[in-house]
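Read through the structure below, which is laid out as structure tokens, and then see the notes.
The values are calculated or read from the model by the stated rules, or taken from the named source; none is laboratory data. If you're wondering where the values come from, they're calculated on a predicted model, not measured in any experiment. All Cβ positions, glycine included, derive from the backbone under ideal geometry; neighbour counts span all protein chains shown.
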Amino acid sequence: MPQEREYLQTEFLAMCGWGNADIVPLSSDASFRRYFRLSQNGMRALLMDAPPGKEKLSAYLAIGQHLISLGFSAPDIYASDTRNGFALIEDFGDDTFTRLLAQGTDPYNLYELAINVLSGLHEHPHAGRISLPAYDMDALLEEALLLPIWHLSGRRGHATQQDLLDSYAVAWKTILAQLPDMPKTLVLRDYHVDNLMRLDERSGRAACGLLDFQDALIGHPAYDLMSLLEDARRDIPQDMATALRTRYETRLAPGEREAFSLWYDVLAAQRHTKVAGIFVRLCIRDGKNRYLAHIPHVMRLLERHLSHPALTPLSVWLNANMPDRLEPLPGMDVAALRAELGLTDPA
């Protein structure tokens, strides 16, 4: 940690009355955030370090309070310093769904709880009543472009040419233009088992602790369902995913299911292209290469949806420009790519 940031952290904890706390760093994730577990006088809390300019602490605070007001379990905020990017928050413990699954907990019960939370969120009349940007066509397109900008660059060993970026954008604009009107709700956007926790002392939907929602937008309810069931880092048995999706869709009117299914397939393709780009970006830009191991799984998830007629423009583009997309990513000369992409400063 830079010395100046360490000083600011110490100052924040002292101001909050936690200046004498024992501090244990927790494992990092794909973001620039860092978490520290604090213990002092028999009490526990978490320190979130969210560097300004790189993380959205104000959004996290607002969305967390909104979720709590709706009856869901986001961490309570004990203190915050948005100017310097620190927050003292409730410690939900260690029982992430990911850890529980690794310990042998019945996966269906955990996923069923996660589905119930989504159903409750999407049925809540006030879920979308928060000032957040729309997850609109421009935002979906911008994210989908991460595939040719980063993934294709890494696969080919050089920056992707503008004509390929343009033709890819045309393919996605054609796809998105086919979509019906969008029912809108709060979309958490990283809704998967790494960001969900079981809270044994709570019941019902509140028994599911929610993490990592600072990038939430107002968008289509299919996105978070798809994010849960088509996890970029975990292979979920198809029969279980189908049963869980059916459980969620029972809340839809018969006339809504066809449009919901179309949105689901398109958003799945959009997310998988985005994530395939992000995982390569994490390696090239941020020096985090462990996410490359998940790319073959992500590309297989994408392939499941390419037979949908609505996604034909994407399938045609990929067949022409990424016929090797299911093959392992070749070794990358990261230094050369960084230089070509203008990333000459330390990440």
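Let me spell it out: the conditions are (1) touching a residue at least 12 places away in the same chain (Cβ under 8 Å); (2) exposed (fewer than 15 other Cβ atoms within 10 Å of the Cβ); (3) assigned to a helix (DSSP H, G or I), and LEU314 meets all of them except one. Which number is the exception?
The single condition LEU314 does not satisfy is (2).
Restricting to the stretch 317-327, and then to whatever is touching a residue at least 40 places away in the same chain (Cβ under 8 Å) and part of a helix (DSSP H, G or I), can you tell me which residue is surrounded by the most Cβ atoms within 10 Å (Cβ to Cβ)?
Here the answer is TRP317.
Which residue out of PRO313, PRO237, PRO330 is in contact with a Ser or Thr (Cβ under 6 Å, 6 or more places away or on another chain) and assigned by TED's automatic domain parsing to the domain that holds GLN178? Can you show your working first?
On the way: PRO237 fails: in contact with a Ser or Thr (Cβ under 6 Å, 6 or more places away or on another chain); PRO330 fails: in contact with a Ser or Thr (Cβ under 6 Å, 6 or more places away or on another chain).
Of the residues listed, the single one that is in contact with a Ser or Thr (Cβ under 6 Å, 6 or more places away or on another chain) and assigned by TED's automatic domain parsing to the domain that holds GLN178 is PRO313.
Filter the stretch 43-73 down to the residues that are free of Cβ contacts under 8 Å to residues at least 12 places away in the same chain and closer than 20 Å to PHE12 by Cα, then identify the one that is nearest to the chain's Cα centre (by Cα).
GLY53
Mind telling me which of the residues ARG129, ARG83 ends up being not assigned by TED's automatic domain parsing to the domain that holds ALA293 and not in a helix (DSSP H, G or I)?
Details: ARG129 fails: not assigned by TED's automatic domain parsing to the domain that holds ALA293.
Step by step, each of ARG129, ARG83 is checked, and only ARG83 is not assigned by TED's automatic domain parsing to the domain that holds ALA293 and not in a helix (DSSP H, G or I).
Just one of (1) polar (S, T, N, Q); (2) surrounded by fewer than 20 Cβ atoms within 10 Å (Cβ to Cβ); (3) over 16 Å from GLY120 (Cα atoms) trips up SER203, so point out which.
Unmet for SER203, out of (1) polar (S, T, N, Q); (2) surrounded by fewer than 20 Cβ atoms within 10 Å (Cβ to Cβ); (3) over 16 Å from GLY120 (Cα atoms): (3).
What number of residues in the stretch 187-203 are over 21 Å from GLU55 (Cα atoms) and in contact (Cβ under 8 Å) with a residue 60 or more places away in the chain?
Start the filter on the stretch 187-203 by keeping residues that are over 21 Å from GLU55 (Cα atoms), which leaves 193, 197-203.
Checking which are in contact (Cβ under 8 Å) with a residue 60 or more places away in the chain leaves us with 193, 197-200, 202.
Residues meeting the conditions: 6.
Among PRO254, PRO330, PRO296, which is modelled with pLDDT of 95 or more and surrounded by fewer than 21 Cβ atoms within 10 Å (Cβ to Cβ)? Before you say what the answer is, go through the steps one by one.
Values: PRO254 fails: modelled with pLDDT of 95 or more; PRO330 fails: modelled with pLDDT of 95 or more.
Of the residues listed, the single one that is modelled with pLDDT of 95 or more and surrounded by fewer than 21 Cβ atoms within 10 Å (Cβ to Cβ) is PRO296.
Do we have any residue at all in the stretch 82-93 that's under 24 Å from LEU26 (Cβ atoms), in contact with a helix residue (DSSP H, G or I) (Cβ under 8 Å, 6 or more places away or on another chain) and surrounded by fewer than 20 Cβ atoms within 10 Å (Cβ to Cβ)?
yes
Would you mention how many residues in the stretch 118-142 are closer than 30 Å to GLU327 by Cα and surrounded by 18 or more Cβ atoms within 10 Å (Cβ to Cβ)?
1
Exactly one condition in (1) within 24 Å of the chain's Cα centre (by Cα); (2) surrounded by fewer than 14 Cβ atoms within 10 Å (Cβ to Cβ); (3) closer than 29 Å to GLU230 by Cα is false for PRO25; which is it?
Answer for PRO25: the failing condition is (3).
Here is a yes/no grid of residues against (1) without any contact (Cβ under 8 Å) to a residue 24 or more places away in the chain; (2) assigned to a helix (DSSP H, G or I); (3) under 21 Å from ASN319 (Cβ atoms); (4) within 21 Å of the chain's Cα centre (by Cα):
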{"residue": "THR98", "(1), (2), (3), (4)": "no, yes, no, yes"}
{"residue": "PRO125", "(1), (2), (3), (4)": "yes, no, no, no"}
{"residue": "LEU141", "(1), (2), (3), (4)": "no, yes, yes, yes"}
{"residue": "THR174", "(1), (2), (3), (4)": "no, yes, yes, no"}
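Return the pairs, sorted by first residue and then second, in which the second residue is assigned to a loop (DSSP other than H, G, I, E, B) and modelled with pLDDT of 95 or more, the first residue lies in the stretch 279-294 and is within 16 Å of GLU143 (Cβ to Cβ), the beta carbons are less than 9 Å apart, and the residues are 6+ apart or on different chains.
PHE279/ALA232
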